[in-house]
Structure formats: C-alpha cells, structure tokens
Amino acid sequence: MKKIKLGVLVSGRGSNLQAIIDNIEKGALSVEIAVVISDQPDAYALERARKHNIPAVHVSAKGYKGKRDAYDTLLVQELQKRSVDLVCLAGFMRIITPALIKAFPNRIMNIHPAILPAFPGLHVQKKALEHGVKFSGCTVHFVDEGMDTGPIVVQAVVPILDNDTEDGVSERILKQEHKIYSRAIQLFAEGKLRIEGRRVLSSSSDERNSEFMINP
Ligand code: GRF
C-alpha cells in the first residue's frame, strides 16, 4: 500500500517529531515524512530531521509581521511541492490561518498538552497544576480555525500528584504525547477516521481513541 506523506511543522526541540521518526523506523507507524518545516532557523527539530535524512526547511517569518496569511501561503507551497497528505503540528508556535487550513481541510493535526477543551492555549501544564485538577493529559485534534478547538482524535489522561511540579507533570504528559500522536497518525493513514460533527470515530470497533493511565 502506498504510504501517506506527512509534513511536520515545528518550532523547537522536536521530541514529538522524534517519537514519530522512531515509530516509523520501528515499523509501528506506516507513513513517510516528506518534509519538516520550521519557522525558527535554529530549531533542534530541524537537526533531528537531518540526522534521519528527512528534508528540513526553514521558512523565515521575517518581513511577515501582521501578514500571517501570506506566511501560511509559503507553508502551503512547501507542503504541496512535496505532495503532503497530512500536516502535523508538533510544537509549532504560530497561530495558523485559513490560508493553510483551507488548503488541507481535515488534514491538519495538532498535539496539545492538556485534556481539551480544558486548558487551551499556552503554559497549560502550569495552569492545570495551579487549578488543582487531579488529572490532566494530552489531546491530538484536527485543526480548525479556533484556538485548540478542532475535533478530538485521541486523548490520554495522566494523574496529577500532590507533590508534582510543572516539570514533573509536563514530563509525564510528554511521554503520553509521544504515544498518542503516532496512534492518531496511524489511524488516519489507515483511513480509519471518520468525522461526524465534532466527533471523530474510528471505523474499527476494537479501536480505543483514549489512553487512561492509572499509574504515573
Ligand atoms: C508539546 O508539549 C506539545 O504538546 C506542544 O508543544 C510541545 C512540543 O514539544 N504543542 P516538542 O517540540 O515536540 O518536544
């Protein structure tokens, strides 16, 4: 079967990108990364891609202040040039615009370190801790025009302990991110995801779209 092509958008360290690469190399994820694109020239994620001979491109945002649509059009060109089927945001620190969303309808995913719709936005592990929730986790969702509002594909729950720190919670959540992003991508690649309104259903009846961690 022909493998679908991913375009991964990153801004920083790229641990989620690395987990995707590792799962592909282990044979657990049957896709090809066609390109990794960063808005930051020195993102470590670009180096990770190059180490695995994956095309790594810096698309500079210089001169695009207040012109987010025009910048996203550059991204669309890079992605279409490589016939990307699915765009994965993995720590991409820009708000994307309809220019990108319309070019890839229901074909952009994001990973977020909280159980959406609780705690959208930034610094959410800290916010969850300060709010006093007993569980948090992570979400893979399709991207729509809102901030972290698109249909939810897979979630994983992690407990928050009394003596937790922001770093501790973030690390525990990150471990789950590394699992569920690949799972969501594989479901997409197998054509198993169906969007009904806000709900994303998987056609295989034994497929769980959630992970519940009892032990931290
Ligand atoms: C992750 O926590 C992800 O959920 C959020 O940004 C962070 C990216 O981390 N969207 P990394 O660059 O993949 O290590």
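The values are calculated or read from the model by the stated rules, or taken from the named source; none is laboratory data. Please read these numbers as outputs of a predicted model, since none were measured by experiment. Cβ: placed from backbone, ideal geometry, glycine included. Neighbour counts: every protein chain shown. Calculation scope for accessible area: heavy atoms of the full protein, side chains included, ligands and nucleic acids excluded. Shrake-Rupley method; radii C 1.70, N 1.55, O 1.52, S 1.80 Å.
Could you tell me how many cubic angstrom of Cα convex hull volume region 6-80 has per residue?
With only Cα atoms used, region 6-80 gives 80 Å³ per residue.
Given Lys2/Lys175; Lys65/Lys102; Lys2/Lys67; Lys3/Lys175, which pairs have Cα atoms separated by over 32 Å?
Working: Lys2/Lys175 29 Å; Lys65/Lys102 21 Å; Lys2/Lys67 37 Å; Lys3/Lys175 26 Å.
Cα-Cα > 32 Å for Lys2/Lys67; rest within.
Can you compute the FRET efficiency between Glu145 and Met93 using 1/(1 + (r/R0)^6), with r the Cβ-Cβ distance and R0 = 25 Å? Round to the nearest 0.05.
0.90
List every DSSP H helix in the chain whose Cα atoms extend 27 Å or more along the helix's own long axis and whose mean Kyte-Doolittle hydropathy is at least -1.0.
Those that clear 27 Å and a mean of -1.0 are 166-189.
Could you tell me the distance between the Cα centroids of region 127-165 and region 15-84, to the nearest Å?
Centre-to-centre (Cα) distance: 24 Å.
Would you list Met109, Met147, Met93 from the most to the least accessible area, probe 1.4 Å?
The ranking, largest first, comes out as Met93, Met147, Met109.
Determine the per residue accessible area of the chain with all protein chains present and a 1.4 angstrom probe, expressed in square angstrom.
51
List the aspartates and glutamates whose alpha-carbon lies under 20 Å from that of Lys179, not counting same-chain residues fewer than 8 positions away?
By straight Cα distance, Lys179 reaches Asp22, Glu25, Glu32, Asp148, Asp167, Glu171, Glu190, Asp206, Glu207, Glu211.
What's the magnitude of the charge dipole for region 44-151 around its Cα centre, counting Lys and Arg as +1 and Asp and Glu as -1 at the beta-carbon? Answer in Debye, nearest 20.
360
With the crude spin-label approximation of a point 7 Å out along Cα→Cβ, what separation in nm comes out for Arg50 versus Thr73?
Using points 7 Å along Cα→Cβ, the separation is 3.0 nm.
Among 98-105, 21-28, how do they line up by average Cβ neighbours within 10 Å per residue, starting with the highest? Mind showing how you got there, number by number?
Details: 98-105: 16.2, 21-28: 14.1.
The packing order, highest mean first, is 98-105, 21-28.
Among Thr165, Ser202, Met147, whose Cα sits farthest toward the positive end of the charge dipole of region 125-216 (+1 at Cβ of Lys/Arg, -1 at Cβ of Asp/Glu, about the Cα centre)?
The listed residue farthest towards the positive side: Ser202.
Nearest 20 debye, what's the magnitude of the dipole of region 27-89 about its Cα centre given +1 on Lys and Arg Cβ and -1 on Asp and Glu Cβ?
Working: 9 positive and 8 negative charges, 38 e Å.
With only Lys, Arg, Asp and Glu charged at Cβ, the dipole is about 180 debye.
At most 16 other Cβ atoms within 10 Å and a DSSP loop assignment: could you name the GluC sites (Glu not before Pro) in region 95-181 that fit?
Taking region 95-181 and a limit of 16 other Cβ atoms within 10 Å, the loop GluC sites (Glu not before Pro) found are Glu145.
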